[in-house]
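Okay, so here's the structure we're looking at.
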Amino acid sequence: MPAQRFPTLNVVVGTRCDFSCRHCLFDSKTRSKDLKDREIASLQELIRKRAPRSLFFAGGEPFLYVATINKISSTHPCPQKLSVGVTTNGGFAETLSAAKEKLTSIDHLRHVRMSYDKFHSEFVPISNVKNMFAACEAMRLSFRVIVSIESPLDMGLISELRKIGGFGIEVQPVFNIGRARKNAVSFSYPAFDRRVLRKHCPNRKRMAYVCGKGFSICCSYLLFNGAKGIYAHKTAEEHMRSNFYRLMKTASFGKLLKIVGRTPETLLPEHSSECALCDYLFKRCGLAGAGATNA
Amino acid sequence: MTKKDKIIAAFLVSIGMFSATVAVKYVSALSDNQKNGLMSSVKSTDGIILIADTVIDDDNKKNIG
């Protein structure tokens, strides 16, 4: 039987970064991890076998890991069809030429996301966004900016970004994890939003590999705070055979809530976030055990 | 609700941040200064904001650029 394909593989290639943002999902314990040789070999094998259409690299700062990124993507069986993307802090884009030089260093690069918000602006000037956008335009790369927010009021920065150009902007509430949790800068929901109960895991059509953790459908709370053997595995095959993966692929959060015998009335405003609700269901309501038999 | 309140609430709903009920609750708790700040965001976004729903992003989302 041919190996099951999945279109996108997200890789946290390492957690080192040249910034130390207050909202970072990595804390001091997890901030200096790099992929080990055996992890790189495992990723190479997976890419060779499954030929994902897209590889997306995040960190840490992925441009601190250019050689590793190219080594991983080099095993793709159809490199002409491969699309590589990165999410970067753009700290290197001090000039247009500096931006171009760095972007050129990653093989098969098609998509660039730059994180820029009130947290990143403590380390990098907005002119770097302008340089990065111009470099991507010149190199025909897609470009978006991710704006992490503690509150909707933080979106005021978007008007400044709009002056630079008409690129895509994605707004991302700050997760209550890592340094964000420690610094109390995570996004606050004013009330519980029931829409979350109709949603599925936003990552269910993807697979992630996080250095030091393993393969997982999760790239959020459970992966960073949970037990390895339940939420992450050494191989993608092992993970795809797990009850956790099966539940996340198929069940809505409303269904997961029913499995643990809770009602929406018991949920708090912070459970409006898919990832926070998922963390609550698995770690506080015992879904990790219940899911195996009741799903 | 004032017209400004409705515009801000509609904006927050349109980008997927809050449901209508939650957006109305949120806007009602804002000061005038905060509402004015958010209005500047409304004017500059041209409806192209999406909520990124994962820690790690990929290229699977709709074209918004």
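The values are calculated or read from the model by the stated rules, or taken from the named source; none is laboratory data. Just so it is clear, the structure is predicted and the values come from calculations on it, not from any experiment. No Cβ is skipped: glycine too gets one built from the backbone with ideal geometry, and neighbour counts run over all protein chains shown. Quick note on the areas: whole protein, heavy atoms, side chains included, nothing else; ligands and nucleic acids left out. Shrake-Rupley method; radii C 1.70, N 1.55, O 1.52, S 1.80 Å.
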Query raised in the report: In nanometres, what is the gap between the two model label sites at A:LYS163 and B:ASP5, each 7 Å from Cα along Cα-to-Cβ?
Result: 3.2 nm
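Would you mind working out the magnitude of the charge dipole of chain A relative to its Cα centre, with +1 at each Lys and Arg C-beta and -1 at each Asp and Glu C-beta, to the nearest 20 Debye? List each step's numbers first, then the result.
Numbers: 45 positive and 24 negative charges, 214 e Å.
Using only the charged Cβ atoms, the result is roughly 1020 debye.
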Report task. Could you tell me which of rounded, prolate or oblate describes region A:196-295, using a ≥ b ≥ c as the square roots of the eigenvalues of the alpha-carbon gyration tensor, with rounded for a/c under 1.5 and, failing that, prolate when a/b is larger than b/c and oblate otherwise? Result -> prolate
Query raised in the report: If you count the DSSP beta bridges with both ends in the protein assembly as shown, what percent of them are antiparallel, to the nearest 5?
Result: 15 percent
Query raised in the report: How many nm is it between the label spots at A:SER97 and A:PHE123, if each spot is 7 Å from the Cα in line with the beta carbon?
Result: 2.6 nm
Query - Descending Cα extents along the principal axes, region A:1-107, whole Å - result: 47, 35, 22
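Within 10 Å, count the other beta carbons around each residue, average over each peptide in B:32-40, A:90-98, A:170-178, A:7-15, and list them highest first. Please list the in-between numbers first.
Details: B:32-40: 14.7, A:90-98: 18.1, A:170-178: 22.3, A:7-15: 23.9.
Highest-to-lowest ranking by the protection proxy: A:7-15, A:170-178, A:90-98, B:32-40.
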Query raised in the report: Could you give the distance between the Cα centres of region A:63-81 and region A:119-188, to the whole Å?
Result: 26 Å
**Report entry** Portion, in percent, of the accessible area of the protein assembly as shown that falls on carbon or sulfur, probe 1.4 Å
**Finding:** 51 percent
Report task. Give me a single rounded figure for A:149-159: the average over its residues of other chain Cβ atoms within 10 Å of their Cβ. Result -> 6
Requested in this report: Could you run the numbers on buried accessible area between A and B, total for both chains, 1.4 angstrom probe, in Å² to the nearest 100?
Outcome: 3400 Å²
Query raised in the report: Cα to Cα, under 21 Å, and not fewer than 8 places away if on the same chain: which lysines meet these conditions relative to A:LYS81?
Result: A:LYS49, A:LYS71, A:LYS205, B:LYS61, B:LYS62
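Just tell me how shielded B:35-41 is by partners: mean number of partner chain Cβ atoms within 10 Å of each residue's Cβ, no decimals. Present the calculation step by step, with values, prior to reporting the outcome.
On the way: counts 1, 0, 6, 5, 1, 4, 10.
Going residue by residue through B:35-41 and averaging, the value is 4.
Where only protein heavy atoms count, and the probe is 1.4 Å, what is the accessible area per residue for the protein assembly as shown in Å²?
Details: 15640 Å² over 360 residues.
In whole numbers, the protein assembly as shown has 43 Å² accessible per residue.
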Query raised in the report: Between A:GLU237 and A:ASP27, what length in nm is gained on full extension when 0.36 nm per residue of separation is reduced by their alpha carbon distance?
Result: 72.7 nm
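Can you tell me how the protein assembly as shown classifies by the Cα gyration tensor, rounded, prolate or oblate, using a/c under 1.5 as the rounded cut? If you can, show how the numbers build up before the last one.
Details: a/c = 1.82, a/b = 1.07, b/c = 1.70.
Judged from the Cα gyration tensor, the protein assembly as shown comes out oblate (a/c at least 1.5, b/c at or above a/b).
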Query raised in the report: Just the accessible area for A:ASP37, please: 1.4 Å probe, Å², rounded to the nearest 10?
Result: 120 Å²
